[in-house]
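These notes concern the structure reproduced below.
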Amino acid sequence: MLTRRTRLLTVLAVVSLLPIVALIQTYRHLAHRSSTSLSLADSSLSLLHTTPPPAEAAQPPQTNTMSAREAVEQKIAQGKRTVVFSKSYCPYCRRAKQILKDAGEDFDVYELDQMDEGSEWQNALASKTGQRTVPSIWIGGNFIGGCSDLEAKQRSGELKTLLGGKAQ
Ligand SMILES: N[C@@H](CCC(=O)N[C@@H](CS)C(=O)NCC(=O)O)C(=O)O
């Protein structure tokens, strides 16, 4: 049998231990909460820092402009049978246009000095034919040359053949 004194001491011991146990419980509870909120914070951060989708490969700017060479080739191939790349102030161009007009030929004229892309076209023509000067005369998709070449063909009668019997 426990003595009255021993029971009293036991009760006192238990009572004095209670706050310590409560403290431990509170500490454990708080520790659990902070680790939960930390892991929540971690997952929120990981959501914020998810790997971005790979950037799309840089694309060259989309333009509908064709190169000067393509533009010139298109004019030669798809326009009228005779095409003259000219400059409005050029006496050789004036003479060549007059010869073609007199021959009754209906032709396309591009006055390069009056076009924004005129210099590029002139360069494209030069790289195609080796001739830098205007007029650059084309009949049936074939390069004729300049004014002096046209005159030579007129004299020889070849121009008449090229134009289907229209030139004198
Ligand atoms: N022999 C050439 C002469 C033509 C020529 O000299 N054209 C000048 C313009 S009147 C020229 O193209 N100069 C160079 C330029 O304008 O870029 C022909 O008969 O066509």
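Read-outs: derived from the displayed coordinates by stated rules, not from any lab. Keep in mind the model is a prediction, meaning the values are calculated, not measured. We place every Cβ from the backbone using ideal geometry, glycine too, and count neighbours over all the protein chains shown.
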_I want to make sure I understand the PRE zone here: with the label point 7 angstrom from the Cα of E151 toward its beta carbon, which residues in segment 102-116 have backbone N atoms less than 17 Å away?_
102-103
*asked:* If neighbour count is taken as other Cβ atoms inside 10 Å, put S136, S16 in order from fewest to most.
replied: S16, S136
*Taking the Cα centre of segment 69-168 as the origin and placing charges on Cβ (Lys, Arg +1; Asp, Glu -1), which of G164, T133, C90 is farthest toward the positive end of the dipole?*
G164
_Segment Q98-L9, length gained on full extension (0.36 nm per residue, minus Cα span)_ = 18.7 nm
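Counting only Cα atoms, I'd like the Rg/Rh figure for segment 68-162, Kirkwood definition for Rh.
Details: Rg = 12.2 Å, Rh = 13.1 Å.
In segment 68-162, Rg relative to Rh is 0.93.
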*What is the gain in length, in nm to one decimal, between Q78 and A58 on full extension, counting 0.36 nm per residue of separation less the C-alpha to C-alpha distance?*
3.7 nm
